[in-house]
C-alpha cells in the first residue's frame, strides 16, 4: 500500500519506519528542512529504541523517503496518516489542534483520487467532527474518507508498540474506511491483534480514557507511597500484593517522582479541562486529584533527599537521569529535570548525567552542570540521586563499586524505586527509596 505520514516527530517518524517494516511504500512529510534531510539520510533526530535501525534499513532500500512537499505526498499515497503535534494551549485549557486542522485543510484540495485520511494525533473530544467539515468543504473528488486511529505508544517503545500493539482502534466514517484500515494493518491483524471498530467520538474518548487510567494508577501508588512513609510500611510490597489481584494488575504501579513527557501531562490536562466543560464534575474531580498528586512528587523527592542527607544540601548532587523515562532522549516535562530545578532552588548544585538525553537537557536547562559519565557525575557529590530508570544505571553491578570511592557519602536516593538494593548495600551504600524504610549495610 502507498502510505504517507504527515508530521515526522516523536509519533510520526517511528510510525513511518514501522509502516515501511510492514511492507508498505511510505513517504514522510516533514516541513522542517533540517529534520527532513536528517531523516532522509537515515539519521534519527531523537533517540528511540530500534528506530534508527529501521530508518537506515528502509531509506536505503527506497521503501521509505521523506519530503517537505505535501503535494508530492498527496500525489503518491492512497492513505495519509496525520501525526502532527497537538500541544497544550497556552492557557492550559485543552489542545491546540491548529496543526491537525491545518494539515488536513492543506492536504484535501491536493487529492485528485479517492483516499483515506487517518488521524493519529491526540485531540480533544469533538475534533474529528470539525475535521470532517474541513474535508467536506475542501474535497475536489468524491471518496475522501476519514478514520480516527489513536496511538497508544509508550515513548522508548514506539517502534515495538507500532509493530506489536495491544489493540488497534478505528473510529470509522464509512465502509471504505474500514477496508483501508484492514489493509494497512493486515500483517498485524493476521497475528490476532484486536481491531476495535467504532465511531470517531468513541475513538477519541478511548485514547483520553486510556491515558487517564494510566496516570490514575501512577498517582494512586504514589499516594500510597506517602501513606507508607507515615506508617513505616513498604510501598513496593504493597504494589506487588495489590497488583496480583486480576482486577487491578501490576502494570504502571511503580512509585516514583511521577509521570512526565510530551504526552501524559498534556493529555490528562486537556481531558480534565474538557470533562469539566462537559459538566462531568465527578470525573473532573478525580482527574484533578490525579494531577495534584503528580505535581507534588518532585517536592516529595526533595524532602527524601534532604532527609537522607541529614538536612538541606549546599554542595553537589549527582543526578543520574534527565529524560522523562528510560529509552528516550525526550526531556519534555521531565520529572527528573523538575527535581533538578527544585534542588537548585533549595541551594544544591545538581550535576546531571543521562545516557541519551544530555544534549536535549543542556538545550532546555543550560544553567545546570552536566557530566559525560556516571562516574564523573558522582565525583565529589554529597550523595547520588537516581532520577531516571535507565538499565545502564540500575542494572550495572559495577556502578556501586565504581562510584563508592568518588562520592563524599555512600548514599543513594532512588526516587524511581528502580534499583535492587542488594549490590549497593554490599558496596557499603545506604539506599533510600520513596515509600520504603531506608536500608543500610
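Computed over Cα pairs, the Kirkwood radius of the range 200-297 leads via Stokes-Einstein (1.567 mPa s, 4 °C) to a diffusion coefficient of 91 µm² per second. Between the Cα long axis of helix 127-138 and the first principal axis of the chain there is an angle of about 30°, rounded to the nearest 10. Each Cα pair under 8 Å and six or more residues apart adds its sequence gap; the mean of these over the residue count of the chain is a relative contact order of 12 percent.
Compared with the dominant principal axis of the Cα atoms in the chain, helix 335-345 is inclined by about 50°. Compactness of the range 388-441 was expressed as the Cα radius of gyration divided by 2.2 N^0.38 Å, which yields 1.02.
Residue order for 253, 19, fewest other beta carbons within 10 angstrom first, comes to 253, 19.
Below 8 Å, C-alpha to C-alpha, sequence gap of six or more: please give me the relative contact order for the range 297-433 in percent.
26 percent
With everything on Cα atoms, drop me the angle between helix 264-278 and the longest principal axis of the chain, reported from 0 to 90° to the nearest 10. For 264-278 against the chain, the angle is about 60 degrees.
Starting from the Kirkwood radius over alpha-carbon pairs of the range 288-378, derive D by Stokes-Einstein at 10 °C in a medium of 1.306 mPa s and give it in µm² s⁻¹.
Rounded to a whole number, D works out at 118 µm²/s.
Overall form of the chain: prolate. Here a/c, set by the Cα gyration tensor axes a ≥ b ≥ c, is 1.5 or more, and a/b is the larger of a/b and b/c. Under the simplified labelling scheme, the residue 209-residue 420 pair shows an inter-label distance of 3.9 nm, with each label point 7 Å from Cα along Cα→Cβ.
Taking a ≥ b ≥ c as the square roots of the Cα gyration tensor eigenvalues, the range 132-201 comes out prolate, since a/c reaches at least 1.5 and a/b is larger than b/c.
The distance between label points at residue 280 and residue 113 comes to 4.1 nm (points 7 Å beyond Cα on the Cα→Cβ vector). Here's the picture: a label point sits 7 Å out from the Cα of residue 289 along the beta-carbon direction, and within the range 223-249 the residues with their amide nitrogen under 18 Å of it are 223-228, 248.
The distance linking the range 1-39 with the range 211-250 is 38 Å (Cα centroid to Cα centroid, whole angstrom). Taken over the range 297-433, the alpha-carbon convex hull comes to 86 cubic angstrom per residue.
Stretching the chain fully between residue 401 and residue 198 yields a gain of 67.6 nm (0.36 nm per residue, less the alpha carbon separation). Once the gyration tensor of the Cα atoms in the range 1-129 is diagonalised, the equivalent ellipsoid follows with semi-axes of 24, 18, 12 Å, ordered largest first.
The simple Förster model, with R0 at 25 Å and r as the Cβ-Cβ distance, assigns residue 34 and residue 57 a FRET efficiency of 0.65.
How much mean residue ellipticity at 222 nm does the chain get from its helices, if each DSSP H run of length 4 or more adds -39500 (n - 2.57) and you divide by all residues, to the nearest 500 deg cm²/dmol?
-13500 deg cm²/dmol
FYI, it's all coordinate maths here, none of it is from the lab. What you see is a predicted model, and the numbers here were worked out from it, not measured in a lab. For neighbour counting, all protein chains shown are included, and Cβ atoms are generated from backbone atoms with ideal geometry for every residue, glycine included.
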